[in-house]
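Working notes for the structure below.
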Amino acid sequence: MNKIGVIDIMNHPSEANRNLGADSFQYEEFKIMWRTTFKTVHKARTQAGGETAAAGGEKKQSAAASFALMGHNSVPELIADMDRLGYDIIVITATKMWSYYYHHKLIIDHTVDSVGQIVQEAKGRVIGAASYNPFRIEDSLKDIERGVKEYGFKYVWFHPISFGVAPNDRRCYPLYAKCNELDIAVGLQVGHSAEVLPSDVGRPMLVDDVAIEFPNLRINLSHTGWPWVDEWCSMLWRHPNVYGDISAYFPRSLDERQVRFMDGSRGRDKVLFGTNGLGLEPCLTQFLALPIKEETKSRVLRDNAVEFLKIG
């Protein structure tokens, strides 16, 4: 059993209750993703009988089979798995995602209250994170403040790519100011998205302005920044307030440049571990198997997140 006391910086409500929210695979972005980015997972689940036939013979993926290992039935089941595997804390975010091209609406829309209920039931084992909709700024800021004050949230994670908005767009600056005011961290996806969404707004270097103009704001560049791995490494190395997580990729598939950076003095104190719903056990097992220093494993799996989230 792992003894580090792992902190998973990036997860969704389905990790604690796989029935929460609508089935994302009704939307075109996820249908395409399943045929392309996740085609190896799709093949594995098909061989394991994870698909069900829809009307007319078309194959449809259920919410419970959306990823290789998706979530738990309940908070107690999640906590039991955390204890078995050596996880101390999991961050769960009230994820919001917009359909940029196909549907022009929110296709993932978890609430502060649904995550808050998970936080309360988990009794200190789950940290809540709000999200942000740059098309509904005032409503989002109210939700963020309520999450912090009512449920003890310590983080905001948002998905600017799905809105077609760059992180240095003026519509994101109220979010950064609010996080500064509340002394909480902020995370955002960088790199290209697994779904068919605009990629240019995901370049990690677009956070450069934000890091300079908000030097006291702790920023997480989530999901590795691939294919702009060098930009991701540069941002973490250059800015004392910028971190980056390796979620959304199985650790064995990480870019070798990223692994070298993470295992060296430039990146060891800045990289965060996360699973993003890909499974607590396979992600941790694969990370522990990486040919990196024990000091690096301890920093990435726990210590960096403690500093980033300001938890004792």
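Summary table below
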item: Residue count, region 250-282 (criterion: in a helix (DSSP H, G or I) and without any contact (Cβ under 8 Å) to a residue 60 or more places away in the chain); result: 11
item: Tabulated pairs, region 1-15, first in contact (Cβ under 8 Å) with a residue 24 or more places away in the chain, second of a type in the set (S, T, N, Q) and in a helix (DSSP H, G or I), C-beta under 8 angstrom, 6+ apart or interchain; result: 4/298; 13/114
item: Residue that is farthest from residue 222 (Cα to Cα), among those in region 291-312 that are in contact with an Asp or Glu (Cβ under 8 Å, 6 or more places away or on another chain) and part of a loop (DSSP other than H, G, I, E, B); result: 293
item: Options 234, 247: the member that is within 28 Å of residue 201 (Cα to Cα), polar (S, T, N, Q), part of a helix (DSSP H, G or I) and out of contact with any Phe, Trp or Tyr (no Cβ under 7 Å at 6 or more places or on another chain); result: 234
item: Residue match in region 270-288 (condition: crowded, with 20+ Cβ neighbours inside 10 Å, over 22 Å from residue 14 (Cα atoms) and small (Gly, Ala, Ser)); result: no
item: Any hit, region 50-71, residues being at pLDDT 80 or above and in contact with a Gly (Cβ under 9 Å, 6 or more places away or on another chain); result: yes
item: Candidates 134, 174, filtered to the one that is in contact with a Cys (Cβ under 7 Å, 6 or more places away or on another chain), surrounded by fewer than 24 Cβ atoms within 10 Å (Cβ to Cβ) and without any contact (Cβ under 8 Å) to a residue 60 or more places away in the chain; result: 134
item: Qualifying positions in region 1-19 - of a type in the set (A, V, I, L, M) and surrounded by fewer than 20 Cβ atoms within 10 Å (Cβ to Cβ); result: 1, 4
item: Residues located in region 101-131, provided they are part of a helix (DSSP H, G or I), closer than 18 Å to residue 187 by Cβ and free of Cβ contacts under 8 Å to residues at least 40 places away in the same chain; result: 119
item: Top-ranked residue in region 177-218 [being in contact with a helix residue (DSSP H, G or I) (Cβ under 6 Å, 6 or more places away or on another chain) and assigned to a strand (DSSP E or B); ranked as surrounded by the most Cβ atoms within 10 Å (Cβ to Cβ)]; result: 189
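The values are calculated or read from the model by the stated rules, or taken from the named source; none is laboratory data. Remember, it's a predicted structure, so these values are computed and weren't measured experimentally. Reconstructed Cβ throughout: ideal geometry from the backbone, glycine too, with neighbour counts over all protein chains shown.
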